[in-house]
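Data first, discussion second: the structure below is written as structure tokens.
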Amino acid sequence: AHPARGLLIMRKRELETELLGYGSAQLKGPHLADPDPRNREKNTLALSREAARLARGEGTGFLSAKTSHDPALIRGFARAGFEVAEIGACLAGPVVVPAAAEDREGESRKFFKSAGITVANASETDPGTVVSDLGELFHDGHHLHGPFLPEGFSGKLWSRVLERELGRGAPSLLAFDNRQNRILGIAAADLRGTDATLTVLHVNEERRREGLGRELLLALFRTLADAGAKTMALETSSHNIPAINLYLSLGLKHTAPNITLHLDLKNRRGGWR
């Protein structure tokens, strides 16, 4: 942080560090108030270079950053060696089940029964089985990507993410196909007070466009509402149009989008141009 340049926060990411074999950290910001785009670009460059220098000194090998769509900030990060990884869409809204609650719940029961699907709490399910049945979660590069990542990293990451989510008793539901004896989908959220954050919504690629994701999310909404949730927030890739349309149809609204950028400090000379 510097009073003339703004604020950028760096947070260590223990899970990614463990799987990558070297330190990983995420940058929040920069938070700048200067109205001049040239100054915002210059100060973003200075702050991100300083973050890279500090990270290298602590043995960190990988930095990710999330920032707004401000072109000046993106140019500053790019000059520091960061590469754009993903454009994120953020949505938020009330936890409301459309139509009368009893009617909607009855329709959901009919849907799952006719498809031979059981919906159950996911807390005691083996995370490895979930990933095996559903395929690679967030294969669109939602969190990390790049040729420098170890082989099989994404599968290991999401196994550990699910292990952590399910292990702490977070509100989570599985859709299980009784006919094929396999998991078809999962929905999970983080609930703090009355505010929920959707952490996982994933349906096996072979069973999409059947309405399963919508029904699973509605079932999660009911679970969250029973637990006292009033609002839901989430983030997904901006090109994940089917998911975005689903969220919009359930009353969620777009909020400020973001850009995710990555800097590999271990294998590249990023941050010093």
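Restricting attention to segment 106-124, report how many residues are under 21 Å from the mean Cα position of the chain (by Cα) and either free of Cβ contacts under 8 Å to residues at least 12 places away in the same chain or over 20 Å from F221 (Cβ atoms) (or both).
0
So which residues in segment 116-127 are more than 15 Å from V200 (Cα to Cα) and modelled with pLDDT under 80, if there are any at all?
Scanning segment 116-127 gives E124, D126.
Looking only at segment 173-182, filter to residues that are in contact with a helix residue (DSSP H, G or I) (Cβ under 9 Å, 6 or more places away or on another chain) and among the charged types (D, E, K, R); which one of those is least open to solvent (accessible area, probe 1.4 Å)?
D177
Taking the condition of being open to solvent by less than 40 Å² (accessible area, probe 1.4 Å) and either farther than 29 Å from E151 by Cβ or part of a helix (DSSP H, G or I) (or both), how many residues in segment 51-67 meet it?
Qualifying residue count, segment 51-67: 4.
Can you name the condition, by its number, that G185 falls short on among (1) open to solvent by 10 Å² or more (accessible area, probe 1.4 Å); (2) at pLDDT below 90?
So the condition that G185 fails would be (1).
Let's see how each residue does on (1) open to solvent by 50 Å² or more (accessible area, probe 1.4 Å); (2) at pLDDT 85 or above; (3) closer than 30 Å to G228 by Cα:
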position: L20; (1), (2), (3): no, no, no
position: L45; (1), (2), (3): no, yes, no
position: R49; (1), (2), (3): yes, yes, no
position: R79; (1), (2), (3): yes, yes, no
position: A85; (1), (2), (3): no, no, no
position: E105; (1), (2), (3): yes, no, yes
position: R109; (1), (2), (3): yes, no, yes
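Which of (1) open to solvent by less than 60 Å² (accessible area, probe 1.4 Å); (2) farther than 17 Å from T118 by Cα; (3) among the aliphatic types (A, V, I, L, M) is the odd one out, the single condition L217 does not satisfy?
All conditions are met except number (2).
The values are calculated or read from the model by the stated rules, or taken from the named source; none is laboratory data. It should be emphasised that the depicted structure is a prediction, and the values quoted were computed from it without experimental measurement. Reconstructed Cβ throughout: ideal geometry from the backbone, glycine too, with neighbour counts over all protein chains shown. Heavy atoms of the whole protein, side chains included, go into the accessibility calculation; ligands, DNA and RNA do not. Shrake-Rupley method; radii C 1.70, N 1.55, O 1.52, S 1.80 Å.
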